[in-house]
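The values are calculated or read from the model by the stated rules, or taken from the named source; none is laboratory data. If you're wondering where the values come from, they're calculated on a predicted model, not measured in any experiment. No Cβ is skipped: glycine too gets one built from the backbone with ideal geometry, and neighbour counts run over all protein chains shown. Ligands, DNA and RNA are excluded from the accessible area calculation, which covers all protein heavy atoms including side chains. Shrake-Rupley method; radii C 1.70, N 1.55, O 1.52, S 1.80 Å.
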Amino acid sequence: MQKISVLLFLIWVSFLFYMGIALFTSGFLLTRVELTNHSSCQELPGPGTLPWGSQGGPRACWMASRFSRLVLVLIDALRFDFARPQHTQVPGDPPVSLPFLGRLGTLQKLLETQPHHARLYQSKADPPTTTMQRLKALTTGSLPTFVDAGNNFASYAIVEDNLIKQLAKEGRRVVFMGDDTWKDLFPGAFSQASFFPSFNVRDLHTVDNGILEHLYPTMDSGEWDVLIAHFLGVDHCGHKHGPHHPEMAKKLSQMDQVIQEIVKRLENDTLLVVIGDHGMTMNGDHGGDSELEISAALFLYSPTALFPGTPPQEPEVIPQINLVPTLALLLGLPIPFGNIGEVIAELFSEVKDSQPRSSALAQASALHLNAQQVSRFLHTYSAAAQDLHVKELHQLQNIFSKASGDYQRLLQSPQGDAAALQTVIAELRQFLQGVRAMCIESWARFSLVRMAGGAALLATACFLCLLASQWATSQGSYFYTLLLPMAWGLAGAIVCAGLLAATGLTLDLVVLGALVAVGSLLPFLWKAWAGWRSRTPLAALLPRPGPVLSLLLIRFAAFFSDSFVVAEARATPFLLGSLILLLVAQLHWEGKLLPPKLLAMPRLGSAAPAGPPRHNSSHALGLGVGLLLCIRLAGLFHRCPEETPACSSSPWLSPLASMVGGRAKNLWYGACVGSLVVLLAAVRLWLHRYGNLKSPEPSVLFVRWGLPLMVLGTAAYWALASGADEAPPRLRALVAGASVMLPRAVAGLAASGLVLLLWRPVAVLVKAVAGTPRTRTVLTPFSGPPTSQADLDYVVPQIYRHMQEEFRGRLERSRSQCPMTVAAYQLGSVYSVAVVTALTILAFPLLLLHAERVSLVFLLLFLQSFLLLHLLAAGMSVTTPGPFTVPWQAVSAWALMASQTFYSTGHQPVFPAIHWHAAFVGFPEGHGSCTWLPALLVGANTFASHLLFAVGCPLLLLWPFLCESQGSRKRRQPAGTEADSRVKPQEEEEPLMEMRLRDAPHHFNAALLQLGLKYLFVLGIQILACALAASILRRHLMVWKVFAPKFIFEAVGFIVSSVGLLLGIALVMRVDGAVSSWFKRLVLSQQR
């Protein structure tokens, strides 16, 4: 099989998976319909006159304006307990001392001294709790959808009706300062604006200090109607240090001082709103729907009395979007068209009038106006989309009709009963709360046709991988059988798509890609089915169910359990450990392990061992124990999911900069640098052992000199990053510059090393013997230089064997007459050396994106991979001429190890666990308007394990050949006396190692194809399970918290792994081509 056909076939199979993922995603993660209708003062939301108390009021729109000005202080990630007043400690209870408790003393003071002017609420944010979605909800009153979370760092202008647009329409002067996310959401909506970059979570002060420079002068100037200040320091402090760090106390104290200064400048017609858009977890992250993430503070204050009564003992819990209709009516604005929030009724009570009926009537008026607006929205939305439950919609409309009729009758009877008014208020609130609950349940629109089509395409791709992996090693012509049907199907699908486009039919890219995938797949399956029916039964080509495939099926079924998905960080090491024990037991069952004494005993009636190679049982057991120990040590680096509050995350995943003690920080820094040195030394020793370190090739020279520079740059960057806050003021500019240049230098060195490796990948040492005639040549069945690939494949193994004979001194008799003119050292490890070198070069920039102490995990990763490869090599025979096969247990263990490393590096398949700090490694000031580069850095941090193990996957095929040298040296003299050894000292020839693959290039290419298909099958089974689980359980309580994020992470992980697999196989083929060119030049020089 030609090399290019292997890559093309794997690319095609990967394309099938990509289209299955895209088609399923387009049906599963859909956004709701966004209406572009707008409310206006000239059009009431429902029939009737202006509400009670609105006639003749100032700026009367739907309701008379109560405040002329608004100061909105948005403290990003202001969790509710950050603002909650600290009550007197109960005698006997242990004192509670947390950095974030009691820091906002101004709020507590206002609540105690002016209870009718201030109120604190616990506002519940709707997930996802990311800033862009919260801002959208806080201005439109609508609910964000799950897929909107992907837009958090690429915000787009809000097209729905919102408060900012209503303010601008009414001619209000809106001044903004703070987070530049508002610039993209509301372009051109502010009369004055001071935007500051928001993405650098390591910077705690730039945005806040920039706001303070403009805040007080703007308030004093009076040239504003609405002033919005969006502070980011608390949120960034949570991301960088967590809420329990002393720096959080400083930030909250600064915010308290800001609130105190603002209160001093407030006038009687001004309303102050202090709000957090979301909370944060115990680690300082957000994005999910845990209690700490959705719980935010909301504080209202005005110099004039707001509330008729005193605040309750426990703050009231309200949905966060309730602020939108409340502010709209208080400021004399129409409520945004798509709002589904409920007004905070107590803000519309008559403070000066002590009569209960007056207050109740004012609250009922505001609620009725709110309910009319929501009812109008439901009517318009249900006509545009069909995703609301019809039966529940009718029930809610009946509730509203009854409440509206009762309200109108009460307005016509001035002496109406106060109890009847309370009944009307309860009915209106029931309607508004029911609408919100219905929308939350309904706004997860699914396209079952696309979901089923995507899942079917994924299942077909998995079946294709399973079938083709068994068929790849059979005899026959693969190029025409595997590629021509795909090419014809692809061409037919493109022609079909072109005809559809010519006829004017609209077809989106996802459906077009799915048509191309199906069109290319059907001819292949039809031709393959026809051929298999005539020769071999289909069942005979499928692998027999074994322990490993049974394990894969168990893992497949486990993805349907939310408990397993949550506990996968613990389940994956258990499965990996079980598979390792199974491997050791299987070696024993198959008779490939013998006690040490039996290894030295000759077989009865035979002078040399026959059959498959046998290995020392203690050696295999030692490898297994070492693997289990590495798995256990890697498990010490873990991050607990939110659903397991009893679990405690490893403190070793945090950066060194978060440590307080200087001595402990220095010890950890030394351990991290030591792990880099050990990793570098291990790779150099490995290359030295196989002789490749002596090669003068550029890639080897880079290993000798470039890798130490990368280690030095990484260690220097860690030193600066861990102590940047402690640097003297005169050196901070130098430290900042070095923090930018060092990561970029390491990345540049890595790129240079990979380019050198691709340019000259053959790492051998070639020597010419002086004074030798050029008469000896390799016997070939053709004359002249090789003219075809078949000629070259025939002569290459002969040349390699002659080189070995010359180097080992086996041709003593012919050396004096016609010795070889060229000797090459260690061609037998040329493929593995290239892959290991590429992995090492990739590891350093990926490691730079993680916290310093994750370097220990990377060291365990390389050691664990080394032990696993040796254990797998013990069960694979390489003495046969082919075909070469990588067993299922090897591929499954490799994929499980990638998943285990994903969790050991501190990741979880949830959005709050994403390491956003990776986007600023080498770019501490942010990326400006560029979004692909930070996404690339964060993605490289998240899926580093997927990439490394996928690129290193060819080692599963190469490593048993590499280990042949050890076994052959040990088996060179299996039995007999010293005299027998002198009679035939060199009975066995020197092992060919990886050159054995070139004895049968057809089998080599087939083995690479089979390995790639098996790896794609194992990964495809996981993504198929996640897709089916998300589809079947789409109405499950945990679908958006567990199953949807798991599917997204598995999908992106599959894409990264498939690309890495293609790159790894392409690298092996590049080395193979370079070896062929090298041997071709050698033959030409010999024949001259």
By average C-beta atoms within 10 angstrom, highest first, the peptides 855-863, 827-835, 218-226: 827-835, 855-863, 218-226
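Once you have a ≥ b ≥ c as the square roots of the Cα gyration tensor eigenvalues for segment 656-760, tell me rounded if a/c is under 1.5, and otherwise prolate or oblate according to whether a/b is larger than b/c. Intermediate values should be presented prior to the final figure.
Working: a/c = 4.11, a/b = 1.80, b/c = 2.28.
Oblate, because a/c is 1.5 or more while a/b does not exceed b/c.
Which whole-number percentage describes the relative contact order of segment 352-445, with Cα contacts under 8 Å and a sequence gap of 6 or more?
Working: 58 pairs, mean separation 42.9, N = 94.
After rounding, I find 46 percent.
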Can you tell me how much longer the chain between LEU701 and ARG760 gets when fully stretched, taken as 0.36 nm per residue apart minus their C-alpha distance, in nm with one decimal? 20.1 nm
Which far-off residues, 5 or more places away or on another chain, put their amide H under 5 Å from the one on CYS640, with H placed in the peptide plane? SER649, SER650
Pop a pseudo-label 7 angstrom from the Cα along the beta-carbon direction at both ALA459 and GLU346 and give the gap in nm to one decimal. 5.5
Hey, can you rank 689-695, 1050-1056 by average C-beta count inside 10 Å, highest first? 1050-1056, 689-695
So if each residue of separation counts as 0.36 nm, and I subtract the Cα-Cα distance between ALA751 and VAL390, what length gain in nm does that give? 124.1 nm
Compute the orientation-averaged projected area for segment 186-341 from the convex hull of its Cα atoms and round it to one decimal in nm². 11.0
Please turn the phi angles of segment 891-901 into ³J(HN,Hα) values with the Karplus equation 6.51 cos²θ - 1.76 cosθ + 1.60 (θ = phi - 60°), one per residue in order, whole Hz, x for glycine and proline. 5, 5, 4, 5, 5, 5, 5, 5, 5, 5, 5
For segment 352-445, report the % of Cα-Cα distances exceeding 14 Å. 66
Points 7 angstrom from Cα along the Cβ direction at LEU628 and VAL677: gap in nanometres? 3.3
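Output the peptides 429-436, 261-268, 307-314 sorted from most to least packed, where packing is the average of other Cβ atoms within 10 Å over each peptide's residues. Please report the intermediate quantities before stating the final value.
On the way: 429-436: 20.0, 261-268: 14.2, 307-314: 11.9.
Highest to lowest by the protection proxy: 429-436, 261-268, 307-314.
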For ASP76, solvent-accessible area (1.4 Å; no DNA, RNA or ligand), Å²: 0
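Could you please tell me the mean projected area of the C-alpha convex hull for segment 649-703, averaged over all directions and given in square nanometres to one decimal?
Numbers: hull surface 22.2 nm².
So the Cα hull casts an average projection of 5.6 nm².
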Theoretical gain in end-to-end length, ALA585 to LEU98 [0.36 nm per residue, Cα-Cα removed]: 170.1 nm
What ³J(HN,Hα) values, in whole Hz, does the Karplus curve 6.51 cos²θ - 1.76 cosθ + 1.60 give for segment 194-209 when θ = phi - 60°, with x put for Gly and Pro? 10, 9, 10, x, 10, 7, 7, 6, 7, 8, 8, 10, 4, 5, 5, 5
With r as the distance between the Cβ atoms of ARG409 and ARG173 and R0 = 56 Å, compute the FRET efficiency 1/(1 + (r/R0)^6) and round to 0.05. 0.85
Simple SL model, points at 7 angstrom along Cα→Cβ for ARG265 and GLU316; separation in nm is 3.0
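For SER401 and ALA157, what is the calculated FRET efficiency with R₀ set at 41 Å and r taken between the beta-carbons, to the nearest 0.05? List each step's numbers first, then the result.
Numbers: r = 37 Å, r/R0 = 0.89.
Given R0 = 41 Å and the Cβ-Cβ separation, E is 0.65.
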Convert each backbone phi in segment 855-867 into a coupling constant with the Karplus relation 6.51 cos²θ - 1.76 cosθ + 1.60 (shift: θ = phi - 60°), then list the ³J(HN,Hα) values in order as whole Hz, x for Gly and Pro. 4, 5, 5, 5, 5, 5, 4, 5, 5, 5, 5, 4, 5
